[in-house]
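K.L.:
Handing you a structure now.
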Amino acid sequence: MDSVMVAAVQLSSGVDSANNVKDAIALVNEAADRGATHIQLPEYFNYLGPAKGFGDVAESIPGPITAQMSDVASSRKVTLHIGSLLEISPTPGKFFNTSVVINSTGHIVATYRKIHLFDVDIPGAVAQRESDFITPGRDLVMVNVDGVRLGLSVCFDIRFPEMYRELARSGADVLAIPAAFNAVTGRAHWEILIRSRAIENHAFVVAAAQVGTTDEGIATFGHSLIIDPWGEILAESTSGGPDVITAVLDLHEVTKRRQQIAVMDYRRPDLYNQAVHVVED
């Protein structure tokens, strides 16, 4: 595949799962109507609310919601990337935060369970422990879906660049970062981190985000982004509510940039695992 039109769907999800899914499908259809063939939803797309409600919406994969979204993908003949939803885990009282990729024939082709969990305490600004109710995944996942080599991640993963380097080394030319990024850290870090992951790996980044304030009073940042391998912004949402942004990705651009600045070839992994030589003044 030489190029692909991608869409990032921005949502303002709440506690009503059925309504959230309905809203998401409407925007997926809008994206498809605009010509997008690869469509990404944000993190926690069908439920963004208190942890006490997780048990009511968590499901196995495949399950009712993935079946519903598979029907949408096949009927519109699009790749549909569910940014994440809550998956039942074997640990009582805990769940997986799971990303699901559905191909254009409606088949689930990849799942990724969020590895890095949002445990943050910034006094007077942000205090949250995702690990209290989410079990972390253990596998990095890259999938070749409908001609796109897609590296999977979710939200807080963005702060761990070594993860994206491994995805790029495995062949990913598009990095997925669906998110429900906190507004406080988002204002300071969101765009910088997204563009950094694109630049250092010479990969496209698609980052669909949640926007608005949850029932718990947590404000999410929005500003969904699509970035090219040179770090240029191809599309950005400036809406304070649900939105669809699109861009055409020329996949040859990845090879071109990786040849111009061959960071993959210049790596020195033989040195990275040794102890750092610390010099005291």
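K.L.:
Could you put Ser3, Ser99, Ser60, Ser74 in order, starting from the residue whose Cβ has the fewest other Cβ atoms within 10 Å?
P.N.:
Ser60, Ser3, Ser74, Ser99
K.L.:
With labels modelled as points extended 7 Å from the Cα through the Cβ direction, what inter-label distance (nm, one decimal) is found for Asp16 paired with Glu162?
P.N.:
Here the modelled spin labels are 4.5 nm apart.
K.L.:
Let me ask you something else. By how many nm would the segment from Val120 to Arg268 lengthen if fully extended, with 0.36 nm per residue of separation less the alpha-carbon distance?
P.N.:
Value of the extension gain: 50.1 nm.
K.L.:
Rounded, prolate or oblate, given the Cα gyration tensor of the stretch 98-220, with a/c below 1.5 counting as rounded?
P.N.:
It is prolate, given that a/c is not under 1.5 and a/b is the larger ratio.
K.L.:
Residues of the stretch 89-113 with amide nitrogen under 11 Å from the 7 Å Cα-to-Cβ point of Ala67?
P.N.:
none
K.L.:
Further question on the same structure: What whole number of Å gives the distance from the Cα centroid of the stretch 59-74 to the Cα centroid of the stretch 173-188?
P.N.:
Each part reduced to its Cα centre gives a spacing of 25 Å.
K.L.:
What number comes out for the charge environment of Pro42, summing +1 per Lys or Arg and -1 per Asp or Glu over other residues with Cβ under 12 Å away?
P.N.:
With Lys, Arg at +1 and Asp, Glu at -1, the neighbours total -3.
K.L.:
Of all DSSP beta bridges located in the chain, what percent are antiparallel, nearest 5?
P.N.:
Antiparallel: roughly 70 percent of the beta bridges in the chain.
K.L.:
Quick check: net charge around Asp71, other residues with Cβ under 15 Å of its Cβ, Lys/Arg +1 and Asp/Glu -1?
P.N.:
+3
K.L.:
In 5 Å bins starting at 0, how do the alpha-carbon pair distances of the stretch 3-272 split up by percent?
P.N.:
Computed distribution, short to long bins: 1, 6, 14, 19, 21, 17, 12, 6, 3, 1, 0.
K.L.:
Eight or more residues apart or on different chains, and alpha-carbon atoms under 28 Å: count the Lys pairs in the chain matching that.
P.N.:
Within the chain, the lysine pair count is 8.
K.L.:
Right, next: Would you order Leu175, Leu271, Leu117, Leu234 from fewest to most other beta-carbon atoms within 10 Å of each residue's own beta-carbon?
P.N.:
Going from sparsest to densest Cβ surroundings: Leu271, Leu234, Leu117, Leu175.
No value in this document is a laboratory result; all are computed from the given coordinates. The shown structure was predicted, so the numbers you read here are calculated from the model rather than taken from an experiment. Methodologically, a virtual Cβ is constructed for each residue, glycine included, from the backbone with ideal geometry; neighbour enumeration extends over all protein chains shown.
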